[in-house]
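Novice: Dropping a structure here in structure tokens format, bear with me for questions.
The values are calculated or read from the model by the stated rules, or taken from the named source; none is laboratory data. Keep in mind the model is a prediction, meaning the values are calculated, not measured. Neighbour counts run over all protein chains shown; Cβ positions are idealised from the backbone, glycine included.
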């Protein structure tokens, strides 16, 4: 589906795919706390992993109370090089056309291609698009997507949920742009 089709479901089946309530994370975190106790739940915004990976790792190590000796060993063996980097917008569009050829019965989330030809063709086109699309083109595409999302949900739709979520985190969600006062 395109982002427009995803955000504007027209059938019952489509409606099951997108529910804006799914992104109100305070419900999920509250549920985990209810199940496991607040002292056993750690919630860290993804932005911290992306922008401050060392802080991300240290927060986890603090949470699990790892000894100084083991902590040093863990920190020395971390490779911060990204794996499975995000696809650019052209790669995402390409992938949408190849989705019918994926064997969805595989245990891994991504699945694998049923046919060798589809696998080969996708691989070649994907690599080509990986090298052709500029960062400026990707930023433009991302901005268009954000505009469509804002049009569908309205500005500040998640503010209340994110303010409630803030109660469970030691990270400043407002500073990360998750909500405005």
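Novice: Looking at the stretch 2-26, I want the residues that are without any contact (Cβ under 8 Å) to a residue 12 or more places away in the chain and have a partner that is in a helix (DSSP H, G or I) with Cβ atoms under 7 Å, at least 6 apart or on another chain. Which pairs are those?
Specialist: 9/15; 9/17
Novice: Which one of 46, 18 is within 17 Å of residue 169 (Cα to Cα) and within 16 Å of the chain's Cα centre (by Cα)?
Specialist: Only one candidate passes the filter, namely 46.
Novice: So the check is Cβ under 7 Å with 6+ separation or different chains; which pairs have a first residue in the stretch 44-59 that's more than 19 Å from residue 86 (Cα to Cα) and a second one that's assigned to a loop (DSSP other than H, G, I, E, B) and modelled with pLDDT of 90 or more?
Specialist: What qualifies is 44/171; 56/44; 59/44.
Novice: Would you be able to say whether some residue in the stretch 160-175 is touching a helix residue (DSSP H, G or I) at 6+ places or on another chain (Cβ under 7 Å) and farther than 19 Å from residue 24 by Cβ?
Specialist: No.
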